[in-house]
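Report on one structure; see the data block that follows.
The values are calculated or read from the model by the stated rules, or taken from the named source; none is laboratory data. Given the structure is predicted, the values throughout are model-derived calculations rather than measurements. Methodologically, a virtual Cβ is constructed for each residue, glycine included, from the backbone with ideal geometry; neighbour enumeration extends over all protein chains shown. Areas reflect the complete protein model, heavy atoms only, side chains present, ligands, DNA and RNA absent. Shrake-Rupley method; radii C 1.70, N 1.55, O 1.52, S 1.80 Å.
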Amino acid sequence: QVQLVESGGGLVQPGGSLRLSCAASLSIFSIYAMSWYRQAPGKQRELVALVTTSGSTNYADSVKGRFTISRDIAKRTVYLQMNSLKPEDTAVYLCNAGRITGTGYWGQGTQVTVSS
């Protein structure tokens, strides 16, 4: 019953920045953790960033210091600010909402391509 809609993906040069958005159709941040996953061709799905119902955050080592996850509760939107992008960041990025991270609801995905 929860719909998640991602936006903000695209093509960017190495060293550039993008901000991804995930808009939720219901007010769910108090009951579900919100997270961003990514999946590149031929690779396992990877948890990139997570924010819990209490606001605590965690990041994959590969993006720590470059990516920031945040929430705007009033707008029912979670963001992923991506700076200093590298070609290895190229992937489909998916928004997830779940009582258990990696389960529950998923967005449609948005493509991020980092290339010169």
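Tabulated results
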| item | result |
| --- | --- |
| Selected residue (only one of ARG19, ARG38 is among the basic types (Lys, Arg), in contact (Cβ under 8 Å) with a residue 24 or more places away in the chain and open to solvent by 50 Å² or more (accessible area, probe 1.4 Å)) | ARG19 |
| Enumerated strands (runs of 3 or more DSSP E) restricted to region 1-47, each holding at least 3 residues that are in contact with a Leu (Cβ under 7 Å, 6 or more places away or on another chain) and either charged (D, E, K, R) or modelled with pLDDT of 95 or more (or both) | 18-24, 33-39 |
| Flag for ARG76 being over 17 Å from GLN111 (Cα atoms) and either at pLDDT 95 or above or of a type outside the set (Lys, Arg) (or both) | yes |
| Subset tally (residues that are in a loop (DSSP other than H, G, I, E, B) and open to solvent by 60 Å² or more (accessible area, probe 1.4 Å)) for region 63-82 | 6 |
